[in-house]
1. Six or more apart or on different chains, Cβ atoms under 8 Å: show the pairs whose first residue is in the range 108-123 and closer than 13 Å to ARG50 by Cα and in contact (Cβ under 8 Å) with a residue 60 or more places away in the chain and whose second is charged (D, E, K, R) and loosely packed, with under 15 Cβ neighbours inside 10 Å.
2. What are the residue pairs meeting all of these: first residue in the range 154-166, first residue among the small types (Gly, Ala, Ser), second residue at pLDDT 95 or above and assigned to a strand (DSSP E or B), Cβ atoms under 6 Å, and 6 or more apart or on different chains?
3. Looking at the range 19-65 only, could you name the residues that are under 24 Å from THR78 (Cα atoms), at pLDDT below 90 and not small (Gly, Ala, Ser)?
4. When you go through PRO61, PRO41 one by one, which is the residue that is surrounded by 14 or more Cβ atoms within 10 Å (Cβ to Cβ), closer than 22 Å to TYR140 by Cα and within 16 Å of the chain's Cα centre (by Cα)?
5. Within the range 78-91, can you find the residues that are within 28 Å of GLU153 (Cα to Cα) and more than 16 Å from the chain's Cα centre (by Cα)?
6. Would you point out which residue out of ARG122, ARG141 is in contact with a strand residue (DSSP E or B) (Cβ under 6 Å, 6 or more places away or on another chain) and among the basic types (Lys, Arg)?
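The values are calculated or read from the model by the stated rules, or taken from the named source; none is laboratory data. Not measured: the values here are computed from a predicted model. All Cβ positions, glycine included, derive from the backbone under ideal geometry; neighbour counts span all protein chains shown.
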Amino acid sequence: MPNKTRHLLPALLVAISVAAIGFATLLMMRGTPTRPLIGGPFRLVAQDGRTVTDKDFLGAPFLVFFGYTHCPDVCPTTLFQVSEVLRALGPNANVKALFITVDPERDTPAVLKEYVSSFDSRVIGLSGDRPSIDAAERAYRVYAKKAPGQNGEYTYDHTALVYLMDKTGSFAGAFNVEGKPDEAAAQLRRFM
């Protein structure tokens with residue numbers, strides 16, 4: 001009998017693991033088996049000082065990128081690439097790109113206004129108080145952690161993914177901005 005139990009234990013552990021993974025997957029899915037629960041309600045402050053919510057962007061696809069203005073490389077490069085895609089779509093394309101700060105202590109609406117002025121005018125900088133930013137990070141499953149530097153300075157380690165949200169505000173997938181802008185624009189047009 002002990003030998004039989006010894007052989008059943010690994011099988012039981014595998015079965016429990018598979019069940020746990022399946023349950024976790026179900027919890028992360030929204031409505032369909034291919035759409036993870038990413039995105040959702042937020043209430044933040046735009047670079048012009050007005051309060052915006054996720055509902056303000058419904059009716060057209062939109063891009064979302066989390067970063068911060070003191071970022072030395074990834075954030076400005078990504079926003080430049082997003083701007084190139086928006087330019088490839090043309091000036092009349094009804095698409096916005098949201099740049100949500102992970103560093104609201106430094107990235108006030110006024111700082112964001114100056115920062116995003118270097119990019120396409122459809123890039124909107126969003127800030128807010130720490131709880132509002134934390135809620136947006138959770139909704140989009142963003143990792144952001146302050147990394148202390150020298151003399152009180154700091155950077156952030158953060159998710160560097162561009163999220164493509166469809167007209168209903170549902171996550172459509174990760175949006176690749178590293179290729180040719182025309183090709184990325186063509187991909188985005190399919191959601192318009």
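1. Matching pairs, first to second residue: PRO109/ASP48; LYS113/ASP48.
2. none
3. PRO36, LEU37
4. Being surrounded by 14 or more Cβ atoms within 10 Å (Cβ to Cβ), closer than 22 Å to TYR140 by Cα and within 16 Å of the chain's Cα centre (by Cα) holds for just one of PRO61, PRO41, which is PRO61.
5. Selection gives PHE80 alone.
6. ARG122
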